[in-house]
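A short write-up of the structure that comes next.
Just so you know, all these numbers are worked out from the coordinates, no wet-lab data involved. Only a predicted model underlies this, so the values are computations on that prediction, with no experimental measurement involved. Here the Cβ is made from the backbone with ideal geometry for all residues, glycine too, and neighbour counts use every protein chain on show.
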Amino acid sequence: MAAVTTPVLAEQRVEIDTPLAGWHGTSGEGADFSQQVNYPASSVNTPATQAAQALISGQIKGFPKPDSKAKQEPGRLIVNGVSMPLKIQDDGSFNRPYIFPQGSNGVEVRSPDRAAAHRTQFYAQRGNGAVPARLRLVLSWDTDNTDLDLHVVTPDGGHAWYGGRQLANGGALDVDVTTGYGPEIFSSPAPESGHYLVYVNYYGGRGEEILTTAQLTIVTEEGTTNEKQETVIVPMRNPGELTLVKEFSYSNRG
């Protein structure tokens with residue numbers, strides 16, 4: 001009888017190419033905090049000129065070839081304690097822009113099966129042209145092939161959404177992710193004091209209704225001793241549904 005051999009799967013290893021570990025300065029040059037998305041698409045596309053200090057990128061070595069019949073689970077991205085799903089491409093690669101605050105930062109990437117993980121720690125010294133976010137809203141969700149949209153209404157009546165990402169008060173939405181998981185991030189370097197409304201629109205799935213759960217994390221005074229984080233979990237059931245997920249007040253003491 002011929003011997004039966006069992007294929008040996010390569011050991012997975014997460015490699016984070018950027019951001020670089022250690023101490024480095026940052027500036028606004030080459031830091032494009034938006035990505036181009038074409039619907040339908042398999043991923044978001046980061047500009048080739050994106051500055052390394054404003055980008056999370058790398059690859060999971062030994063990433064198993066996806067089974068076309070099985071659901072591909074996302075990896076996990078954890079930035080300064082904020083955990084969110086991370087889209088992993090078929091070759092194990094990942095990338096997305098990110099605005100890091102001044103000071104110590106931690107980035108961890110975990111493989112979809114949690115068999116491998118890697119964390120990098122670095123200190124960002126803010127240079128000319130780069131302004132840290134004092135208010136950051138991070139929207140992610142737990143299903144692929146679905147489109148959730150973040151809408152933020154600011155105290156002065158500004159409305160940030162995928163049809164108008166930039167606000168006159170300096171706040172901005174970074175990217176409209178149409179393919180699942182997110183994250184979509186609203187950041188403001190000088191947020192107005194007052195009442196904020198945060199809505200999530202379940203724009204739809206790929207031709208089917210999918211129960212998905214939205215996760216909104218609110219980060220204030222990031223990178224300072226006064227930093228606070230709050231996370232809200234909201235189920236989204238019906239495509240076309242616009243849901244008020246959070247009302248909160250922000251006081252600009254600076």
Cβ-based net charge around residue 133, under 10 Å, with every Lys or Arg adding one and every Asp or Glu removing one = 0
Local charge sum around residue 86 (other residues, Cβ-Cβ under 9 Å, Lys/Arg +1, Asp/Glu -1)?
-> +4
Provide the packing ranking of 222-235, 101-114, i.e. peptides ordered by the mean count of other C-beta atoms within 10 Å per residue, highest first.
-> 101-114, 222-235
Calculated SAXS-style log₁₀ I(q)/I(0) at q = 0.10, 0.12, 0.15, 0.18 Å⁻¹ - region 59-195, Debye, Cα scatterers = -0.39, -0.56, -0.83, -1.09
Could you tell me which of rounded, prolate or oblate describes region 130-254, using a ≥ b ≥ c as the square roots of the eigenvalues of the alpha-carbon gyration tensor, with rounded for a/c under 1.5 and, failing that, prolate when a/b is larger than b/c and oblate otherwise?
-> prolate
